[in-house]
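For reference, the structure is listed below as structure tokens.
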Amino acid sequence: RRGSSMPTRLLSLLCCFGSANGWMPAMTKRPLPPSRRLALLGASAVSSAPYRLGIVGGGTVGGGIVQILSAQALQLEALGLDIQIAKICVRDKSKKRDFDLPPGCELVEDIELVLGDDAIDLVVEVMGGTGLAKDVVTRAIESGKHVVTANKALIAQDLPELQALLDRVNADRGSPVRFGFEAAVCGGIPIIHALQRDFLADDVTQLSGIINGCTNYILSNMELSGMTYGDALKQASQLGYAEADPTLDVMGLDARSKLRILIKLAFGIDVTENEIPARGITEVTATDFEYARLQGGTVKLLGVAKLDQPGGKRISAFVSPVFVPAANTLASINGATNAVQITSQSMVSSVFVGQGAGRFPTANSCVSDILDVVQGTCATPFPRAAPADLQFVNSFESAFYVRIRFRDGVGIIESLGSIFGEFGISIYSVLQNPIKNRNDAQFVVTTDPVDVSCIKKACVAIEATDWCLGDTFFMPVL
């Protein structure tokens, strides 16, 4: 309503929910009729004509989108939105689907029937991959169709190219082509929308996230159920949390792709994936959980990006197993759940927790983007510009946890102290359980904050001693 002092979005909520709790906005005395509700929604939220979607991919997520839009039909009608799924492109039309086709929806196998249909306003890409999926996304944008995608791999791989394409296509358009990708990172958690909107007036200093559900499930079972890494991975595979080839998950590469996208949103800087150091969880053992517990914490695979200091000019990032103190919220996030913790100047600390994958969490994020596009409220994909002097460095400073296997003997701590001193490392604590086998035992050292390069050099030197057995294991402390 023109001239109203109450924001349109708040009015929309009030009008949609009415007096269910016996409360109405002060400007009304009784529930508003539907026509009056739509008037208060504002012109941008009302579809004067059907909005036609073409969905590319009719699998888990594609089917979930169809089911959510069908289930919410009355709610969408109350919002004045007429969203029609015109076509769904699949690999095999004869395959039985686990969802009902909406009225008037055509199942097709030829992608050209979607991309070449001028009546389709928005293309939803949920087929996955970076080959044909990239062609679908870029051609849809070039033809003036809005795009919603859940494709993390595509965005992480071709982020600059996609941004340049959107800038070029929208340069001469009065109404810009919109691009939504909320489902690409952390499934059902609205972390992308938050970074696109809610943190624009704030300065993010650190982002730390459990952004891979498979590895969090494995580590949680190792800690809480005493499973070995192999047994926990096998169970994750049986439950569908791990792919047939789990390499991208367990080596931290999936988390690295997501972290790259989050870095662009939170700090405005474009970092290639290969610049971000990534270590997986294959070296984590039951011993690490034992010593972590003794120190009041646990082990999580985190993606972390941080400024060297508030207002600093250097940003670093990594994916690694991390010792997380029990007092930190991330320590209590178990199972396949995802969580992202954002530290910022104004909001101090914010944590977003939810399902990182799955049919309906991911589909719900896609539908959220669809509604934003239809209502004209879709945010600029990457709105934050990095300061010209902000630099990415592929090293970082942290306190560290170092696990060392050794053959018992005289002078080990003296030797360790000498090596750490050589590389400027200050020891914070040394923990060792009673030795059961003098020829094969382990102890843990925690350090004061130091550059990771110093820890790497010290570990190489330790491994060269005659008392050290095998490789050392180190991880940052959050």
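The values are calculated or read from the model by the stated rules, or taken from the named source; none is laboratory data. The shown structure was predicted, so the numbers you read here are calculated from the model rather than taken from an experiment. So basically every Cβ, Gly included, is an ideal-geometry build from the backbone, and we count neighbours across all protein chains shown. All accessible areas refer to the heavy atoms of the entire protein, side chains included, with ligands and DNA or RNA removed. Shrake-Rupley method; radii C 1.70, N 1.55, O 1.52, S 1.80 Å.
Return yes or no: is Gly356 touching a residue at least 60 places away in the same chain (Cβ under 8 Å) and out of contact with any strand residue (DSSP E or B) (no Cβ under 9 Å at 6 or more places or on another chain)? Reasoning before the result, please.
Details: touching a residue at least 60 places away in the same chain (Cβ under 8 Å): yes; out of contact with any strand residue (DSSP E or B) (no Cβ under 9 Å at 6 or more places or on another chain): no.
No: the conditions fail for Gly356.
The set of residues in segment 82-98 being under 25 Å from Ser143 (Cβ atoms) and surrounded by fewer than 13 Cβ atoms within 10 Å (Cβ to Cβ) consists of Arg91 alone. Checking each residue in segment 304-321 for being small (Gly, Ala, Ser) and either assigned to a strand (DSSP E or B) or at pLDDT 95 or above (or both) picks out Ala305, Ser316, Ala317, Ser320. Taking segment 322-337 only, how many residues are open to solvent by 30 Å² or more (accessible area, probe 1.4 Å), without any contact (Cβ under 8 Å) to a residue 60 or more places away in the chain and either under 30 Å from Thr272 (Cβ atoms) or assigned to a helix (DSSP H, G or I) (or both)? Summing the residues that are open to solvent by 30 Å² or more (accessible area, probe 1.4 Å), without any contact (Cβ under 8 Å) to a residue 60 or more places away in the chain and either under 30 Å from Thr272 (Cβ atoms) or assigned to a helix (DSSP H, G or I) (or both) in segment 322-337 gives 2. Among the conditions (1) over 23 Å from Leu262 (Cβ atoms); (2) open to solvent by less than 50 Å² (accessible area, probe 1.4 Å); (3) assigned to a helix (DSSP H, G or I), Cys366 misses just one, which is (1).
In segment 403-427, what count of residues is obtained for those that are open to solvent by 30 Å² or more (accessible area, probe 1.4 Å) and part of a strand (DSSP E or B)? Before the answer, list the steps.
Step one: of segment 403-427, the residues open to solvent by 30 Å² or more (accessible area, probe 1.4 Å) are 405, 407-411, 413-415, 417-418, 421-424, 426-427.
Pick out the ones that are also part of a strand (DSSP E or B) and you get 405, 427.
Summing the residues that are open to solvent by 30 Å² or more (accessible area, probe 1.4 Å) and part of a strand (DSSP E or B) in segment 403-427 gives 2.
Of the numbered criteria (1) aliphatic (A, V, I, L, M); (2) more than 19 Å from the chain's Cα centre (by Cα); (3) within 22 Å of Ile269 (Cβ to Cβ); (4) open to solvent by less than 40 Å² (accessible area, probe 1.4 Å), the one Ala164 fails is (4). Inspect all residues belonging to segment 241-258 and state whether any of them is part of a loop (DSSP other than H, G, I, E, B), open to solvent by 10 Å² or more (accessible area, probe 1.4 Å) and of a type in the set (Ser, Thr, Tyr). Yes, there is a match, as at least one residue in segment 241-258 is part of a loop (DSSP other than H, G, I, E, B), open to solvent by 10 Å² or more (accessible area, probe 1.4 Å) and of a type in the set (Ser, Thr, Tyr).
Within the set Asp451, Asp389, the sole residue that is modelled with pLDDT under 95 and acidic (Asp, Glu) turns out to be Asp389.
Of the numbered criteria (1) open to solvent by 10 Å² or more (accessible area, probe 1.4 Å); (2) under 21 Å from the mean Cα position of the chain (by Cα); (3) closer than 20 Å to Ile111 by Cα, the one Thr138 fails is (2).
Is it the case that Lys457 is modelled with pLDDT of 95 or more, more than 30 Å from Leu79 (Cβ to Cβ) and out of contact with any strand residue (DSSP E or B) (no Cβ under 9 Å at 6 or more places or on another chain)? Even if it seems obvious, please write down each step before you answer.
Numbers: modelled with pLDDT of 95 or more: yes; more than 30 Å from Leu79 (Cβ to Cβ): yes; out of contact with any strand residue (DSSP E or B) (no Cβ under 9 Å at 6 or more places or on another chain): yes.
Yes.
Exactly one residue out of Leu74, Leu79, Leu101, Leu107 is open to solvent by 70 Å² or more (accessible area, probe 1.4 Å), of a type in the set (A, V, I, L, M) and in contact (Cβ under 8 Å) with a residue 12 or more places away in the chain, and it is Leu101.
Kindly evaluate Arg314 against the criterion of being under 17 Å from Ile210 (Cα atoms) and among the charged types (D, E, K, R).
Working: under 17 Å from Ile210 (Cα atoms): no; among the charged types (D, E, K, R): yes.
The answer is no for Arg314.
Might you let me know whether segment 264-286 holds any residue that is buried (at least 19 other Cβ atoms within 10 Å of the Cβ), farther than 24 Å from Asp231 by Cβ and out of contact with any strand residue (DSSP E or B) (no Cβ under 7 Å at 6 or more places or on another chain)? Checking segment 264-286: at least one residue is buried (at least 19 other Cβ atoms within 10 Å of the Cβ), farther than 24 Å from Asp231 by Cβ and out of contact with any strand residue (DSSP E or B) (no Cβ under 7 Å at 6 or more places or on another chain).
For segment 180-201, the set of residues classified as of a type outside the set (A, V, I, L, M) and either open to solvent by less than 10 Å² (accessible area, probe 1.4 Å) or closer than 24 Å to Val319 by Cα (or both) consists of Gly180, Phe181, Glu182, Cys186, Gly187, Gly188, Pro190, His193, Gln196, Phe199, listed by residue number.
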